[in-house]
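Have a look at the structure below, then the notes.
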Amino acid sequence: MWGNKETDPGTPAASPAPGPGIQSTPKNVIEAARPLVTPARPTAWLTAGLKVKGEISGNEDLYIDCTVEGPISLGGHRLTVGRTAETTEQIVAREIVVYGKVNGDLRARDRIEIKKDGSVTGDLVTARIIIEDGAYFKGHIEIDRSNTQVGTDLDSLFSRTISKSD
């Protein structure tokens, strides 16, 4: 464009295609740290820097990347615990994916997935479990193949879990 008389000044010059050794512009750091989320369902976000004390319940998928001190209940939805997240209570959801640190029992109707840098200290109850190489887990695992509906009522759900272990 500058000093090139063959290029029309009204049209922008084409960028050269990245070749070997040439990298395109990196994505935003925050987006690169977050796992991919399916766009078909709305997802609520609690980002780094927040500290939540108390119960969280809802009827949509949730991504947390902060400190949560209290139970989390999402019923038939997905919870993603981000890389910088820390939770300290029970979690109930359809699906739970852990990239960060969880200290508490997890119950998922569909599956629990602990990623390579994830850490879980607590008991797990789920139909399917994935623990990646490098993940930390300390607790018990119960594979529950019954198709019971996970509700948003933590008291009734965990009372069933406790009565099974007696």
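The values are calculated or read from the model by the stated rules, or taken from the named source; none is laboratory data. Bear in mind the structure is a predicted one, so any value in this text is a computation, not a measurement. Please note: Cβ atoms are built from the backbone with ideal geometry, for glycine as well, and neighbour counts cover all protein chains shown. In case anyone asks, the SASA skips ligands and DNA or RNA and just uses the protein heavy atoms, side chains included. Shrake-Rupley method; radii C 1.70, N 1.55, O 1.52, S 1.80 Å.
Filter segment 60-70 down to the residues that are open to solvent by 10 Å² or more (accessible area, probe 1.4 Å) and closer than 16 Å to Ile96 by Cβ, then identify the one that is modelled with the lowest pLDDT.
Top of the filtered list is Glu60.
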Of the residues in segment 52-90, those that are in contact with a strand residue (DSSP E or B) (Cβ under 8 Å, 6 or more places away or on another chain) and of a type in the set (Val, Ile, Thr) come to Val52, Ile56, Ile64, Thr67, Val68, Ile72, Thr80, Val81, Thr87, Thr88
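Tally up the residues in segment 106-126 that are assigned to a loop (DSSP other than H, G, I, E, B) and either β-branched (Val, Ile, Thr) or crowded, with 21+ Cβ neighbours inside 10 Å (or both), please.
Residues in segment 106-126 being assigned to a loop (DSSP other than H, G, I, E, B) and either β-branched (Val, Ile, Thr) or crowded, with 21+ Cβ neighbours inside 10 Å (or both): 1 in total.
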Counting only residues in segment 71-94 that are assigned to a strand (DSSP E or B), of a type outside the set (Asp, Glu) and open to solvent by 30 Å² or more (accessible area, probe 1.4 Å), the one farthest from Leu124 (Cα to Cα) is identified as Arg78
